[in-house]
Each structure stands twice: as structure tokens, then as C-alpha cells.
Amino acid sequence: MRARCGQMEGIVIVMDVGPGVRAGVDNTFYKQAKECLQNILQRKVFADKCRDQVGIVLFGTDGTRNQLSNSDEYQHITVYRPISAVDWEMLESLANLPRGKESGDWVDALVVAMDLLHDPDQSRFSSKKIILITDFSGDFSDDQTSNIVSGLKDLNIELSVIGPEIGEDSDEDGASGGMKQSQQNWNGKMKTPVQLAAEALISNIVNEIDGIICSFEDAIPQLLFFQKKSANSANWNVTLDIGKNFQIPITGRIKVNKSTPTTWKKEYAHDETAQITPETSYHRNDDAQTLVNEDEVIGGYKYGTTLVPFSEEDEKMRYTPEGIRGLSVLGFTRSSNVSLQHRAGDQVMVITGREMDKDSDIALSSIIQGLLELDMVIVARKTYNRASKPQLGALYPDITKNYECLIWIPLPFQLSLKYFEFIVQYFYSTLNCKLCCQNKAINENFVDLALLCGEEEDEEEELEPTSVLNPQLQHFFNVLTHRALNKNKPLPAPAQHITAILQPPEMVVEGRDNVAATLASLFPIKKIEKKSKRNNENVFAAFDEPDQKKARTDGDTSVSVNDLTYGVVTHITSASPVTDFMALLRGEEPNFTLICGQMDSVIRQLVEGLGGTGVADAVIIGKVINCLKAYRQEATVIDPTTFNTFMHTLKDVVSVRSLMDLWTQIKEESLIL
């Protein structure tokens, strides 16, 4: 299954399967070549918008199967897979890759590959490539060398050779003077005269046609990763509306977007003219995946944990605003009011003037420069098309030596903002004091070493966004391939080359290790025991007794009035929720989060019971108010986040069920965040 594309590359992989490539025990040349071949095919399967076709030619096979063979020529060369689109069947066929007992001629195999790529009218392929994988251990004939070189040039075929340890040789002036040969073979033995002669011949051919020679150490790491998805953005031609009477024609282009796996919702097989007919079926969420008739299914939405049905009648009554496609300015604000934490969404769009429209460029340029001078941003509403929901975002001015533009970034809703409280006063006072003394040492030992860009201008930047791959997608493709080829085996863990993406650069690790001891001594970490608040003191305790007399010896021997009349509490009940809540907090090593979860459940259970007689509702509301009072009082001391989160949930429940009496009393009691 492939995606549609206008370009098609023809590739023939020529691989040696003779006895010489298996003359080892552990990591043989044959094993590495097979891994390399599999990685090439996997990349083609998952390549985005690619119609490349691949063929496989094996030499060194026991039999012979190619169109050029006769009684004594092109023997032991097999066209294992003719040129076609890469599919799972081709990948599965690698499991049965033959291992020949005869030695094949790699020069003849190149000729067979060139014949497969023969395209007289130049209409089938936009480019052609041959990949030769061999250690050149077999015999060969060099009588066709000149014909091969001229044929590769005439047919515009690129040649890449993977396997031999051949590097570039440099002369005294530093210029590349050719190829130098390694005298040692991949299995640790010395290379034979045949191998040395073959490597010299292939080096001359590669130099003639400007090809590539690389070893497995260079090729496999590059082939392990799947290609990045192409990021060409279509132009979004709309107008920037400032009020009712002022409009500027603009063009928007997506600069940053969330990377997601390619959807195969609409794909086709080898027949590009085949009509795609989608089929939809509905199943229950049970072990048997029971099929449900379409007539018995209606739409719905999920509100929290509740499923809300949405029928066709509801769809007709739904209000759908007819948004105007474009960007509408809502106002201007200081850039300090829209800080980094307010930048939300998963997309960034660059806004420029409409192409071939000088008036729009001039108008937009004046706005961009004005925003930059006044240190302001635009708050705007973006409506991508009439069917999409409007989005609120900010337009930031950006001016470089090459262009001027506005950068649109979505803004969050109030409920999307999460506030966290930290004890920062002591930390910052201590930090400022110590940094004044150690600022120079920290800068030299840590900050400078942690820079991602080197001191030299020509040095590449580490973790450059356009070159870093998404480890999630890389692992997704690996898992998908594993499942397709090994249907009954468990899924593998992330490969080592994928987890390596998540590791910090070595230069940063080195800087961290050099200064770690200094930072640890400046800012020691101390474990703070979290103490729960006790409201009920021991009424029988003598406050003037020494502390050692109050110490507990064998467990908790203190006695209170509640302890004399109340049993052991293990969980919160709806009968006496406040008493149970306080009793659990007074226990040894209370888990505040777990206790609050029980209190949340009890309060929701009480709220669900509302809706009966007036007297019963009054009793339940009173109990809910008492629960919230105790909950809020303890959370204020220990962890306010739990109470604040629950109040948002409770407000949603009250709004859905229209329990206005309860919410009115909550506000009267000032049970706010």
C-alpha cells in the first residue's frame, strides 16, 4: 500500500549471497547485508508520499533466473524480486532469502540490474539507483568495465556500494587523491588478491560516475531511522480584518506542527485506478467485539465519565455559527501580558503579505514595525474555514534581515491553565546570596559547557529542531513492522538507537558532571517530613509535663475522648464523613491524596442523592457543606491543589444537574478556591 506521489525512483539492490559472505561465526557479512536490505525496504514502506519501486538481484545463488543468462554467461544470478512497489510481501520474503553455494560475478550482476532499470522513453522513473552490497570475495571478469561505466552515465543511474572497508586517501595538500584499501577483511582475516583487485576496480567505477562507497558502520545507522515526514505547507490565503473597513490580504503557512503517524484511512493497492470504498462497522467494547447494527447506533459525546446521546433531532436543533474564513483582530496588548506559558496548541503559523501584492506587504510591514516598537502583540481570532471552530491566538511581530512576518500562536482557555505553588522565598534569597559568590565558577563550569552550539561558527548545533527525529514515531514504525512480520510474538521494547535520541548530548553531560559536585554542595537537598494538622488534642494530657513523658513507647498510647467512644476508622463513610476524614488524618503516616480521593467520592455520592423532598435535601446539603468545610480547612494546610481540583469537578456536576440551592449555599459559606 503506497501513497500517491508525482515522483518515482527506480532502485535495484544487488546483494551477494555466495559462500564467501558467510565465512564467519557471529556477525557475518551476510547477516549485516540482510539487515541493511531490510532497513532499506522498511524506510520505503513508511516513507511519506513515495511511489518508489524496488527490485532485488542476488548473485552467488545455486540457480540462475534472469533475462540475460545463457549457457555460460550471467550464471548464478537471480532476479529475486522484479521492480515493483515495496509491500509487506516483499519484506516477508527476506525471511527465506537463499544462501548460495556458488560464487557469482558482481560485474555481471550490475549488468542485470542495469537491464531491469532500462527505460527507453524515460517515462517510468524520474531517477534510478543501484545499490551493490558485497565483500568482493568471489571471482569476477573486468572485460565489461568500460561498457558498465558508459551505460551508467547514459542511463543516469546512481551507484552506491555498501560493505567494503574503503576510505578516501588524501595527498599531502589535503586533497582527496582517490581510495585507500584496508588490508583486513570483515572477518578479521587478510583480504585475498581477488578482493583487493575487485575493490580497486569498483573504486575506479565509482570515481568515474561520482558514486558512493561506504561501510556498514556508516550505512546501517542512517538506515535504522525512518525518513521524516515532508513538511510542505499549503498557502492559506485570507484577509487580516482590523475593524469592519480595514482588510489586508495575507498568506499563512504552517511553520511548526505536531508530528503524527501517516493515516492510512484512504489508501490503494498496486492498482492506482482502483476505486476506494470505505466500510464502517460498529462493535461493542467487550472481549468478543460484538457487532452492532448501524440502525441501533446513535451519536453521542463524552462529558467526563458520562456518555450523552446526541440524536439526529438534536443535530438539527444545534446552533452552528457561520464563521468567516480569515483572521480577525480583537485587540492589542503588551507582550508581557502574553508570556511563554500562555503559548498553547500544537501549531505555529507564519503570516506574511499576499504574494505578488506590494500594497499588502507595505501595510503589514507598518503593523509589524509598530508592534515591535511599542512592544505589543495582537490578540486575534482565527477561523480556518467555515466548518472549523474559531481559535483564539496571539500575533507576534518578527523581523529578520531576510523577512518580516507575524507569528500566530494559539492561546489557552482559563480552565487550561494550571497554577502550582512553590516555597520560593527562602530558595531565591539563598540562591541570590550564593550565586553572587559562585556566579563566575558556575558560568564557566556549567553554563558554557551546556551550550548546544559550539564556539566556532561552522560547528553544527546540537538538537537542531529540523534534524531531530521523533522517537515516538520511530518506535511506532518499528512496532508496526514487527507486528506485520511476527503476528504471534510480543511487541519489542524501544530499540537502543531510538532511546539514544532521548539522551542529552555528550558535551552537556560532560559539563553537568564537572559542576555537579559544586552545585550539590551549594544547594543541599533535605528531606522534609510532611506533618498533618491535628485539631483534636489529647484532652487528658498535662501540658506542663516534660516532652520525654509524652513520648510514645509501644505505639500510640495517647488517649482522647473520641478514642474512647469511636472504633478504628479504615475509610470514609457517608454516615459520618467529617469524623472519618479527621480520624484518618490523625492516623500514622496518613496518605493525604488517598484520603482526599475517598472524601471526593463521598461528597459526589451525597450530591447524587439530591432531588427528593425538601427536608431530605436540606439534610444532605448540610452534610455536604460540613464535608467541604473540613476538606478545605485541612487542604489549606497540607495541599490546596486537591481541593481546588475537586471544586472544578463539583461545579460541573452542579451545573449539569441544576442544583442551584447547593451552589448558593457553597458561595454563602465562602467555600472558594
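Read the figures in this text as sums done on the coordinates, not as results from a lab. A quick note: this is a predicted structure, and the numbers were derived from the prediction, not measured. Counting neighbours? That spans all protein chains shown, and the Cβs are built from the backbone with ideal geometry, glycine included.
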Task: Relative compactness, the stretch 342-393, computed as alpha-carbon Rg over 2.2 N^0.38 Å - done: 1.36
Open item on the list: Give the residue list of GluC sites (Glu not before Pro) in the stretch 617-671 that are DSSP loop and have at most 14 other beta-carbon atoms within 10 angstrom.
Closed with: Glu669
Task: Cα-based equivalent ellipsoid, the stretch 66-171: semi-axes from gyration tensor eigenvalues, Å - done: 22, 20, 17
Open item on the list: Just to confirm the filter: which trypsin sites (Lys or Arg not before Pro) across the stretch 476-519 are DSSP coil and have at most 15 other Cβ within 10 angstrom of their Cβ?
Closed with: Lys487
Open item on the list: Below 8 Å between Cα atoms, with a sequence gap of 6+, how large is the relative contact order for the stretch 43-149 in percent?
Closed with: 27
- [ ] Starting from the Cα gyration tensor of the stretch 1-122, take the square roots of the eigenvalues, sort them a ≥ b ≥ c, and report rounded, prolate or oblate (rounded when a/c is under 1.5, otherwise prolate if a/b is larger than b/c, else oblate).
- [x] oblate
TODO: Counting other Cβ atoms within 10 Å, keep those with at most 15, restrict to DSSP loop, and tell me which trypsin sites (Lys or Arg not before Pro) in the stretch 1-92 are left.
DONE: Arg4, Lys49
